[in-house]
Amino acid sequence: MASLFKDPSKISVYRDRRFSGTQEEFDDALQASTTVYVGNMSFYTTEEQVYELFSRAGEIKKIIMGLDKNTKTPCGFCFILYYSREDTEDSVKYISGTILDDRPIRVDFDWGFQEGRQWGRGKSGGQVRDEYRTDYDPGRGGYGKLVQKE
Ligand code: GTA
């Protein structure tokens with residue numbers, strides 16, 4: 001089947017500020033990638049649950065759970081490395097938006113895992129988005145970190 005993801009501007013809106021290459025290199029990496037990023041996960045979701053859901057799209061090479069820099073515990077995201085591009089596209093197409101642990105997860109093409117990317121980049125150790133959230137989200141540590149400090 002022909003790829004439905006031909007236009008790089010449409011395959012991901014996320015731009016990793018720490019990617020050192022040009023926009024064109026970033027787009028090329030996304031087009032060829034067999035890695036996905038999974039966002040909006042509960043802190044309580046296990047690697048086993050991730051494996052069970054994401055292996056429906058194809059054989060998984062590796063799962064890397066996103067961890068809080070300080071506590072070294074899951075902080076609501078992960079990377080999944082597949083063997084094939086077709087399975088990667090199926091993962092984005094069919095699994096994004098489905099419910100895992102009562103939450104709609106977001107599956108995004110990723111430019112490729114590198115050592116260090118498993119850590120949350122927020123000042124408090126978790127993900128940046130959990131610094132600024134103002135809602136109460138029990139699956140992600142309650143209120144956002146800045147609200148908790150107020
Ligand atoms: N492929 O969508 C993604 C994605 N995200 C969100 C994170 N990663 C992603 N990869 C892909 N697609 O390796 C990866 C990062 C890193 C790891 C942890 O996950 O490449 P992080 O989430 O802690 O930090 O990353 P990141 O991505 O550097 O944060 P960024 O881009 O500043 O902000 C993410 C979101 O936080 C924004 O979209 C926004 O919703 C919110 N946010 C950021 N700054 C503010 C602010 N000042 N006020 C309010 N909201 C904010």
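Things to note:
- Where Val147 falls short, out of the listed (1) among the hydrophobic types (A, V, I, L, M, F, W, C); (2) within 15 Å of Ser42 (Cβ to Cβ); (3) surrounded by 13 or more Cβ atoms within 10 Å (Cβ to Cβ): (2)
- The set of residues from region 123-144 being crowded, with 17+ Cβ neighbours inside 10 Å and either small (Gly, Ala, Ser) or within 9 Å of the ligand (Cβ to nearest atom) (or both) comprises Ser124, Gly125, Gly126, Gln127, Asp130, Glu131, Arg133, Gly141, Gly144.
- Residues within region 95-112 that are in contact with a Lys or Arg (Cβ under 8 Å, 6 or more places away or on another chain) and surrounded by fewer than 19 Cβ atoms within 10 Å (Cβ to Cβ), tallied: 2
- Residue tally, condition more than 9 Å from the ligand (Cβ to nearest atom) and not hydrophobic (A, V, I, L, M, F, W, C), over region 102-122: 5
- Test set (1) within 12 Å of the ligand (Cβ to nearest atom); (2) outside any strand (DSSP E or B) - Gln148 fails condition number: (1)
A short reminder: the numbers here are calculations on the coordinates, not readings from a lab. Please read all numbers here as calculations on a predicted model, not as lab measurements. Glycine also receives a Cβ, built like all others from the backbone with ideal geometry; neighbour counts cover every protein chain displayed.
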